[in-house]
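Written out below as structure tokens is the structure these notes cover.
The values are calculated or read from the model by the stated rules, or taken from the named source; none is laboratory data. What you are looking at is a predicted structure, and each value in this text was computed from that prediction instead of being measured. Glycine gets a Cβ as well: all are built from the backbone with ideal geometry, and neighbour counts include every protein chain shown. Side chains included, ligands, DNA and RNA excluded: accessible areas come from the protein's heavy atoms. Shrake-Rupley method; radii C 1.70, N 1.55, O 1.52, S 1.80 Å.
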Amino acid sequence: MLNSHSASRSFLLAFLGPLLSSLPLVQPAGAQATARDADLQLVIVLTRHGVRSPLASQADLGKYSAAPWPAWEVAPGILTAHGYDLMKSFGAWDRAKFSAEGLLAPTGCTDASRVTILADIDERTRETGKALSEGMFPGCKVSVHSQPDGVADPLFSPRKANVGHSDPKLAAAAIAGRIGGNPANPTETYRPQLAALDRILAGCGRLPPNPQRTSIFDIPASLKPGSGDSPVSVRGPLATASTLAENLLLEYTQGMSDADTGWGCVDGATLRYVMQANIAAWNYADRTPAVARIYASNLLNHIRLTMEQSVTGKPVHGALGQPGDRLVILVGHDTNIVTLAGALGIDWIADGRADDSPPGGALVFELWRSRHAGSFVRISFTAQTLEQMRNSAPLTPANPPVEAPIFVPACSGSDLSCPWDGFSAALRQATDPAYVSELP
């Protein structure tokens, strides 16, 4: 009889064997050709945490719905057990994928010392880091590094860490210039999606009317300079819809019953439609470059320095991790992914949604060294589909997560890769030095 360690190892080998032999079939276009004449040197993964419970209280959410929202097993903002398992599965997938590309060994703990995991201070980010490491290196010791409790991390939360001094009036003007100067304009642009969401909140005809319910269309739209953690204050139907649609997505990806997912009013197609309002709110409020650079510049700068360290083979001040690292995982939030994308001017479509960053979604930066043409970089966005998360579907070559290759306007060629010098210059161009700081 096998002991538990041997049984786990046998299961892992059974999983990895067919996965490794078949993985090139599901790699993005150009990846197989890349592997023949170049070596993968370093991967940096910027990932959002896994499925969590809603951040707002039942009382705050309930004012917009005809009936109470479903109860969650954890306190607000906490990674669920289901979310942990999904990220553990993603970690196992990543290990197989990166080993197929020659970055890591298929099994064992040898490469664990060449991996750095940095997480923001929230429970959901720390636990996501642990889940990824457990799935990627089962039985191995891989630490998840984060700042002490209560200490804002300038990498993930530069505003809270007082990095730089933004100009709220300029940030508000930048958004106003994208929406025609009228904060009510986005409401009209996305009125069909907002109406669909408001009907769900009203119970889609399945619940008795609640005269006390506040329709999202009753919320006045406003745009003004912000304070505190946000340089801009954006209010209105679209901003409120963003939070409410996100909570429906969390119910769906948590695998709640059909009755508890949007009061029985939400399926996958409906969710993808109302999520367009959520994505639009992020687009205007956070992807606007003047705002995005406030949040993303420090992260972009340290990503550039980390890749430079790998390119040169020499320690670089400000790099994340160690000079010999093969993999650096940064566990943050959708804010980090969205603002970094806004600063770089990059886009993607994955699982039927443009520029969305669902739980566990990640930007992946691959640094390759060509045997003939020097170093170059590829970026992709990867995520489990909404149905894979809802159903806890195993990730296999026949059922992989989605992976969308990304074109970087400042440097990508026809094969979607950027020469290292061009990519480094693109990151410098997207970075505002006023919002860059040393790491603690």
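Figures for the structure shown
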item	result
Some residue of the range 345-352 being of a type in the set (D, E) and either surrounded by 23 or more Cβ atoms within 10 Å (Cβ to Cβ) or closer than 29 Å to D260 by Cα (or both)	yes
Every residue from the range 216-232 that is within 23 Å of Q276 (Cβ to Cβ) and open to solvent by less than 20 Å² (accessible area, probe 1.4 Å)	I216, V232
Hits in the range 406-440 - residues which are open to solvent by 70 Å² or more (accessible area, probe 1.4 Å) and either within 19 Å of F381 (Cα to Cα) or at pLDDT 95 or above (or both)	F407, P409, S414, D415, P419, D421, R428, Q429, P433
Residue satisfying condition, being more than 30 Å from G422 (Cβ to Cβ) and either at pLDDT below 95 or open to solvent by 10 Å² or more (accessible area, probe 1.4 Å) (or both), within set A277, A319, A281	A281
Condition check for T288: of a type in the set (S, T, N, Q) and open to solvent by 20 Å² or more (accessible area, probe 1.4 Å)	no
All positions within the range 157-188 that are in a loop (DSSP other than H, G, I, E, B) and hydroxyl-bearing (S, T, Y)	S157, S166
Members of the range 197-232 that are polar (S, T, N, Q) and at pLDDT 95 or above	T214, S215, S222
Yes/no for I117 being touching a residue at least 12 places away in the same chain (Cβ under 8 Å), farther than 27 Å from G77 by Cα and within 26 Å of the chain's Cα centre (by Cα)	no
Scan of the range 189-238 for residues that are of a type outside the set (A, V, I, L, M, F, W, C), assigned to a helix (DSSP H, G or I) and more than 28 Å from the chain's Cα centre (by Cα), ordered by number	R199, D218
Test set (1) within 30 Å of E188 (Cα to Cα); (2) without any contact (Cβ under 8 Å) to a residue 40 or more places away in the chain - A259 fails condition number	(1)
Flag for A343 being in contact with a Leu (Cβ under 8 Å, 6 or more places away or on another chain), in a loop (DSSP other than H, G, I, E, B), over 18 Å from V43 (Cβ atoms) and touching a residue at least 40 places away in the same chain (Cβ under 8 Å)	no
Qualifying positions in the range 137-185 - of a type in the set (K, R) and within 27 Å of R114 (Cα to Cα)	K141
Residue ID - nearest to the chain's Cα centre (by Cα), chosen from residues in the range 361-375 that are of a type in the set (A, V, I, L, M, F, W, C) and within 30 Å of H49 (Cβ to Cβ)	A362
Residue under evaluation R159, criteria (1) modelled with pLDDT of 95 or more; (2) open to solvent by less than 50 Å² (accessible area, probe 1.4 Å), criterion not met	(1)
Neighbours by Cβ (under 8 Å, 6+ apart or cross-chain): first from the range 405-431, under 14 Å from G342 (Cβ atoms); second open to solvent by 70 Å² or more (accessible area, probe 1.4 Å) and part of a loop (DSSP other than H, G, I, E, B)	I406/D347
Every residue from the range 368-403 that is surrounded by fewer than 16 Cβ atoms within 10 Å (Cβ to Cβ) and part of a strand (DSSP E or B)	S370, G374, T396, N399
